[in-house]
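Report on the following structure.
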Amino acid sequence: MINKVKEHIKDLDALSIQKMEDLEAFRLKYIGKKGIIPALFGDFKNVAKEERKEMGILLNDLKNAVQNKITEVREKMEGLEVDSAAYIDLFMPVNAEAGSRHPLSLVRNEIIEIFSRIGFNVAEGPEIEDDWHNFTALNFPEEHPARDMQDTFFIEKNPDIALRTHTSSTQVRVMENQKPPIRSIFPGRVFRNEAISARAHCIFHQVEGLYIDKNVSFADLKQTLMYFAKEMFGEETGIRLRPSYFPFTEPSAEMDISCHICGGKGCNICKYTGWVEILGCGMVDPNVLKSSGIDAEEFTGFAFGMGIERITMLKYQIKDLRLFFENDLKFLKQFENAI
């Protein structure tokens, strides 16, 4: 019996296992309930008393050798599986398609480029703002509906901390930290507590502009916006300014452009008026200048603001605002070759 155990130990050294199925068969053969080792331990009682010590040592050696063999082969095979999974064929053809810029990014960059040609630089500010920069410094009365929970995402109350409702807050920060002349645009993401639909969203993007210097007039504002409209929508584009109201500008106006879809003749895009509203504007209210430490007797200025989504919808004739946020590859693929 001792010689039989020694033969099993010798056989283990020469044994080669290449598959997990063979490893399982080996395990069952040696340490399964009806395997070789349980059978040898069962026959141990029949071993002569003077041979029991040697036999016991040999049985433990055989058992340990089998366990070590199983562990060694299993680790080797698992290592091969990991290496195979991690292997990358650098010569394999790539089927992945290249991505493209989002239409909002395309239009944002185009707006920035247009205004940069006439001397406007870019400034950015935080998306989480305090009451002073988002409302008070911009001449919003305390009872203004924009301060209400229905229009603003408040993070804290007393003091009021909210997600900014417009990029005008960045205008205040620039005026506080920079002396005139100031000529900047402020692109960024803004937030308002509105129901999501084809024409509205709780998240959208704006570009606002500010020009402050001595003797800045409404005529300067009109010429600046006319230049922008023609560069963005075409040389044939006309503009009109309609009186309006904004807390931070006086006088204030809303600007329409002639509908470039129908050429001003009237269609469903312009609601058959021939005109489409694209932005609000006006002369900076003296109270806003004073709040930011600028002498309203010496300096004047104008400001304007537009929604990037609205400009993009007009430029590319997109009818549903929600498409900008859905990451639909079929939709985004249309802008692969857009400039």
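Recomputing Rg and Dmax of the Cα atoms in Å from the coordinates shown identifies the correct label among (1) 19.9, 60; (2) 18.3, 56; (3) 38.2, 118 as (3). Each residue of region 189-196 was assigned a 3J(HN,Hα) from its phi angle through the Karplus curve 6.51 cos²θ - 1.76 cosθ + 1.60 (θ = phi - 60°); the sequence is 8, 10, 9, 9, 7, 10, 5, 7 Hz, with glycine and proline shown as x. Relative to a virtual label point 7 Å from the Cα of LYS330 in the Cα→beta-carbon direction, which members of region 183-205 show backbone nitrogen distances below 20 Å? Of the residues in region 183-205, 198 have backbone N under 20 Å from the label point off LYS330.
I need the semi-axes of the equivalent ellipsoid of region 2-86: take the C-alpha gyration tensor, multiply each eigenvalue by 5, square-root it, list largest first in whole angstrom.
31, 12, 9
Distance between the C-alpha centres of region 277-339 and region 147-172: 18 Å, rounded to the whole angstrom.
How about region 259-339: which chymotrypsin sites (Phe, Trp or Tyr not before Pro) there are in a DSSP loop, with at most 12 other Cβ atoms within 10 Å of their Cβ?
Values: sites: TYR272, TRP275, PHE299, PHE302, PHE304, TYR316, PHE324, PHE325, PHE331, PHE335; in loops: TYR272, PHE299.
Those satisfying the criteria are TYR272.
As a quick test, which of the pairs LYS34/LYS69; LYS4/LYS33; LYS265/LYS319; LYS157/LYS179 have an alpha carbon distance above 29 angstrom in this structure?
Working: LYS34/LYS69 19 Å; LYS4/LYS33 19 Å; LYS265/LYS319 20 Å; LYS157/LYS179 32 Å.
In this structure, LYS157/LYS179 exceed 29 Å between Cα atoms.
Considering only GLY42, PRO181, THR136, and ranking their Cα positions along the charge dipole of the chain that arises from unit charges at the beta-carbon of Lys, Arg, Asp and Glu, the one farthest toward the positive end is GLY42. For the chain, which span is the longest to avoid every loop-located (per DSSP) member of GluC sites (Glu not before Pro) having at most 16 other Cβ atoms inside 10 Å? Result, exposed sites excluded: 1-96. Sorted largest first, the principal axis extents computed over the alpha-carbon atoms of region 137-221 equal 41, 35, 20 Å.
Comparing Cα centroids, region 57-72 and region 186-201 end up 70 angstrom apart.
All of the numbers you see were taken from the coordinates with simple rules; none came from a lab. Being a predicted model, the structure only gives us computed values, none of them experimental. Here Cβ is always computed from backbone atoms with ideal geometry, including for glycine, and neighbour counts include all displayed protein chains.
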